[in-house]
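Derivation of every value follows stated rules applied to the coordinates shown; laboratory data play no part. Keep in mind it's a predicted model, so treat the numbers as computed, not measured. As a convention, Cβ positions derive from the backbone with ideal geometry for all residues, glycine included, and neighbour counts pool all protein chains shown.
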Amino acid sequence: MIGRSLRALPALVRVGFVESLAYRTEMIIWVFSTTMPLVMMTLWTAVARSVPVVGGGGKSWGTTAFVSYFLSVFIVRQLISGWAGWEMYYEVRQGTLAMRLLRPIHPLLSYGVGNLAALPLRAAVTLPVIVVLFATNARDHLSHDWHVWLLFPFALVGGWVITFFANVAIGALSLFMESSVKLMDVWLAAFFVFSGYLFPLDLFPDWLTAAAKWLPFRYQIGLPVELMTGVHTWESALPLLAKQWAWAAALIVASLAIWNRGLARFQAFGG
Amino acid sequence: MGRYLGLLSRQLRTSALLAAQYRWDFVVDGVVSLFFMATAIVPLFVVYGDASRPGIPGWSFGEALVVTGWFILLQGVLDGAVNPGLQAVIDHIRKGTLDFVLLKPADAQFLVSTARFQLWRVTSVVVALVVFVIAFSRVGRAPAVLDVAASLVLLVSATLLLYSLWILIVSAAFFVVKVDNLTYLFSSIFDAARWPSSVFPNVLRFVFTFVVPLALMTTFPAEAMLGRLESSALVGSLLGTLVFAAIARWTWLKAIGHYTSAGG
């Protein structure tokens, strides 16, 4: 099964990429719905215009610090996105999951590749933002330590793995219950608050910052962004990276367990 | 008119029966509603933080909380009455089953608009009222009766605006069919309405006032309640709402003419 899946991989990637091109309107709509960091950027720069905002750790946030933070958030959000949960929900409800199961490739692999194949187009969307980030004085608030930039790709991949397998776990729950899509909404609402998507996490009251350290959401967006914006040194980033991958591993195990048990119950349509 | 009122009560009853049928869902829905309202308030607390933070220029914490109250109220309208129907129409269009709706001897726009309600979201009215009480105790005075009346008028116009935006988005679904994430787009743009519109730079404020009139839905009613909305703004927003609603209806009629059913 694994050898066969690997041989099919190039074709799967190609199909996924062509699909992302075919549904480009859909992707543009999606990109528009992720412009929240830009809205938050204007809000926070308005708040910090007269007096810089001081975070829990003593860091002082001026307007350009907010600009580089939220531009980084926008970029990271494009690159760690996954939507397998919704796909699974619809396919389970409509019985079309059966088609996917018939293919001689592991279904989770085809979801994963489908989600990854859209990344080139999303990366293209981030290009202008990257240019702005590096060409304006927002650059001053980026990390100057190249060791940290070496860790950045790992944090980004870790963020994607958490997003994808959380999606799989919640999507697989639709094999058990009708309302898994609502769980997805709950996950998203918590994600918006605790990931650093709406504000840098050190602006939280202390007890919420502490909570955010233990929740998975910060490792989806917060950690990669903190690496970009130079919050961490190489040494202080490593334990956080370890925590991120611990979450990733836990979600992989949990989602596979839910998927396997749920699949045993799946009887397609009219079963 | 009487016939449509009868239809509306039928549709509402169906929604209630559906909600009661899936009991587990009903409980989950309730928890989700409360959770959403909690997450609506958190960002404001972060912006104002402790007393040392300057907060949003021109808005005290209590005043900004009034805007949040309006945001919770309208989010309730959006999630309770607007989004479920929107999802239903998009499914209809994709599967081609909209034909069955069009064949029925009533206005199609009315039928799809009232097809589904999330009755749980009524709770957001209660939560919004609590938020208003807290907000005005922070401001240190009660709102004037006339100001409350003005804000209620604006509530009606805000609902109409939200509904018109919804119709415009549904119309878009006739042209670009794979639009699962339209509701998601709608909700995430609406998220910007939780902040007083004065925090946005001029271009964005223009967009949020005249193109996607979020300011008219939360900031204007909040200012009316605080007694600082000018009457010209009140009249202007009412007229604007009517124009917006007319455009939405016209677009709907155009879009439905474009509909080719499945395999068309």
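Among residues other than A:Thr229 whose Cβ falls under 15 Å from its Cβ, what is the net charge (Lys/Arg +1, Asp/Glu -1)?
0
At a Förster radius of 51 Å, what calculated FRET efficiency corresponds to the Cβ-Cβ distance of B:Lys104 and A:Ala11, to the nearest 0.05?
Approximately 0.65, to the nearest 0.05.
As a test of understanding, state the convex hull volume per residue of the stretch B:2-258 from its alpha carbons, in Å³.
It comes to 144 Å³ per residue, whole-number rounded.
Give the average, rounded to an integer, of partner chain Cβ atoms located within 10 angstrom of each Cβ in B:71-79.
Average neighbour count from other chains, rounded to a whole number: 0.
State the answer as a single residue: which of B:Met1, B:Leu185, A:Leu188 lies farthest towards the positive end of the charge dipole of the protein assembly as shown, with beta carbon charges of +1 for Lys and Arg and -1 for Asp and Glu, about the Cα centre.
Farthest along the dipole direction, towards plus: B:Met1.
Quote the charge dipole size of the protein assembly as shown about the Cα centre in Debye, to the nearest 20; the model charges only the Cβ of Lys and Arg (+1) and of Asp and Glu (-1).
1000
How far apart, in nanometres, would the label points at A:Leu263 and B:Val235 be if each is projected 7 angstrom from Cα along the Cα-to-Cβ direction?
Taking the two extended label points, one gets 6.8 nm.
In degrees from 0 to 90, rounded to the nearest 10, what is the angle of the helix B:2-21 Cα long axis to the longest principal axis of chain B?
Approximately 80 degrees, to the nearest ten.
Per-residue Cβ counts within 10 Å, from other chains only, averaged over B:40-46: what number is that?
Per residue, the number of nearby Cβ atoms from other chains is 4 on average.
Could you sort B:29-37, B:162-170, B:141-149, A:231-239 so that the peptide with the highest average Cβ count within 10 Å comes first and the rest follow in order?
Top to bottom by mean Cβ count within 10 Å: B:162-170, B:29-37, A:231-239, B:141-149.
Determine the shielding of peptide B:57-63 by partner chains: average, over its residues, the number of Cβ atoms on other chains within 10 angstrom of each Cβ.
Partner-chain Cβ atoms within 10 Å, mean over residues of B:57-63: 1.
Which whole DSSP H helices in chain A pass both tests: a Cα extent of 27 Å or more along the axis and a mean Kyte-Doolittle value no lower than 0.0?
Qualifying helices: A:2-22, A:146-173, A:234-265.
Applying a 10 Å radius around every beta-carbon, put B:57-66, A:189-198 in order of their mean neighbour count, most first.
Taking the mean over residues of other Cβ atoms within 10 Å, the ranking is A:189-198, B:57-66.
Based on the Cβ-Cβ distance from B:Leu204 to A:Leu101, what FRET efficiency comes out when R0 is 60 Å, to the nearest 0.05?
The pair B:Leu204/A:Leu101 has a calculated efficiency of 0.80.
Using a cut-off of 18 Å between alpha-carbon atoms, which lysines can reach A:Lys243, once sequence neighbours fewer than 8 places away in the same chain are excluded?
A:Lys213
Could you order peptides B:237-248, A:86-97, B:75-86, A:160-171 by the average number of other Cβ atoms within 10 Å of their residues, highest first?
Packing proxy ranking, top to bottom: A:160-171, B:75-86, A:86-97, B:237-248.
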